[in-house]
Structure formats: structure tokens, C-alpha cells
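Since the structure comes first, as C-alpha cells, the remarks are kept for the end.
The values are calculated or read from the model by the stated rules, or taken from the named source; none is laboratory data. Bear in mind that the values here come from a model prediction, so they are computed numbers and not experimental data. Cβ sites come from the backbone with ideal geometry, for glycine too, and all protein chains shown count toward neighbours. The accessibility values were calculated without ligands, DNA or RNA, using every heavy atom of the protein model including side chains. Shrake-Rupley method; radii C 1.70, N 1.55, O 1.52, S 1.80 Å.
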Amino acid sequence: MFSSALLTVLFTAAFTVTGLYSLLRFAALTAGVTDHGDRVAELSHLLMSLAMIAMTWAWSGGPDSASGILQIIVFGLFGLYFLARTLRPTGGHHGRSESAHHLVMAAVMVWMVAAMAVLRGSSGMSGDAHVSHGSMTGMDGMSAWLA
């Protein structure tokens, strides 16, 4: 997705580290090794890391593709879960601020997939994600759009 192989490798490494950390935390919580943490939050971070690796390599599509629709549904459900926890009087296991943080992260994942077509400068992402048609694509396009 990046025009730079170095950026692709660096982002892949960064998201692999965050994904492995979340996987280890999720496994420890599930096995009962620790009770300090939240399985749902760790699972959401693991899936976010995997989705970001897929985006980095252009393995996932925008909102008009099956993978994009799946991501919008999954991260939308996580967002609803964390919204409910944020609105609870006690805020849930981690408290309101932590739940709100996870809510924002889920919302950003939904936004990234939904906005991918606009950020790429096209009406959708159907077809080969590597074809630029003379315009910037992927994260390069996002960088230019945000600048």
C-alpha cells in the first residue's frame, strides 16, 4: 500500500509487535494467569493490529468490499460495546476513561475503512488495490490528504 518498501516493513513490524502483545495479554487473561486487564479490549487490539497489517499490504478493501464490510461490522460492534461500558454509572471493569479510549479507537478503525475510498481519490476500492490510475494510493494518499 505504501510506495516505500521500508515504510511497509516498518509499519508491519510495529503492528506485529502490538498484535503479539495483545495476543499474549489476551491469552494470559483467558488462562487466568492474570486478572488485571480486559479480554474484550485485548481482543479488539489484536484484531486492530491484524487489520492494520492487512491495510499496510493492501490485503483489505474499502467499504465496498467484503473485507471492508466485515471490518466495519466487527469494529462497529466493539464500538457499541465500549460505548455501553462508557455510559455505565461505574464505567465497567476499567472505568469510563479507558472505555471511552477503546470506543474512540474502534470508531477510528470504522472511519479508516469507510473513508478509504475517499482517501484514495476514487469512488471505491474494487479491483486491484495497487493500481493507482495516476493518483496517490493507500497510506501515501492519506498522508497527503492529512497534510
For labels at Leu70 and Arg88 in the simple 7 Å Cα→Cβ model, what's the distance in nm?
3.0
The stretch 47-109: which chymotrypsin sites (Phe, Trp or Tyr not before Pro) are DSSP loop and have at most 16 other beta-carbon atoms within 10 angstrom?
Trp57, Trp59
Leaving out ligands, DNA and RNA, and with a 1.4 Å probe, what % of the accessible surface on the stretch 8-122 is carbon or sulfur?
76
Go through Ile72, Ile53 and list them by solvent-accessible area, largest first, probe radius 1.4 Å.
Ile72, Ile53
Spherically averaged projected area in nm², based on the convex hull that wraps the Cα atoms of the stretch 1-98
7.3
Multiplying the sequence separation of Ala107 and Leu6 by 0.36 nm and subtracting their Cα-Cα distance, what value in nm do you get?
33.5 nm
Could you do me a favour and compute the accessible area per residue for the stretch 21-110, 1.4 Å probe, result in Å²?
53
